[in-house]
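The block underneath contains the structure these notes are about, expressed in structure tokens.
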Amino acid sequence: MTEQPDKIEGAPLIRPSTTDHPLYEAVVNACRTVFDPEIPVNVFDLGLVYTIEISTENVVDIAMTLTAPGCPVAGEMPGWVEAAVESVGGVKEVKVAMTFDPPWGMEMMSDEARLELGFM
């Protein structure tokens, strides 16, 4: 028996989000209410939210990262995102998982974030 690789070749590093779910936009808007305290931009536009998966039972699984593993609010920010998304009507449960694979990079920011931070 051969060992299976940890990653499937050609598979995206970031799982796609459930963008066609009716709650998707409301969940994104809730994520946009959470700000990195060191950067005046919300976590969604910063590119810290990698994946938003919403099940048919309205359970929301979020994969997110931080700008750096040593971020001073590393232990708190997932809870802030969870609380924000839990407030969305219709959401049954929220689970936030942290990952540093792939590591965050400035290219993950939205155009709005780049403009806010003076990179455009």
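Read the figures in this text as sums done on the coordinates, not as results from a lab. Since the model is a prediction, treat every value here as computed from it, not as a measurement. So basically every Cβ, Gly included, is an ideal-geometry build from the backbone, and we count neighbours across all protein chains shown.
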What is the distance, in nm, between label points placed 7 Å from the Cα along the Cα-to-Cβ direction at Thr99 and at Ser87? 2.7 nm
Which of the chymotrypsin sites (Phe, Trp or Tyr not before Pro) found in the stretch 13-117 are in a DSSP loop and have at most 14 neighbouring Cβ atoms, other than their own, within 10 Å? Phe100
Can you give the FRET efficiency for Glu107 and Ile39, using 1/(1 + (r/R0)^6), R0 = 22 Å, r = Cβ-Cβ distance, to the nearest 0.05? 0.90
Which entry in (i) 75, 35, 20; (ii) 35, 32, 27; (iii) 52, 34, 27 matches Cα extents along the principal axes in Å derived from the coordinates of this structure? (iii)
The answer for the net charge of residues other than Leu66 whose Cβ lies under 14 angstrom from its Cβ, with Lys and Arg +1 and Asp and Glu -1, is -4
With a point put 7 Å past each Cα toward its Cβ, work out how far Glu57 is from Glu76 in nm, to one decimal. 3.3 nm
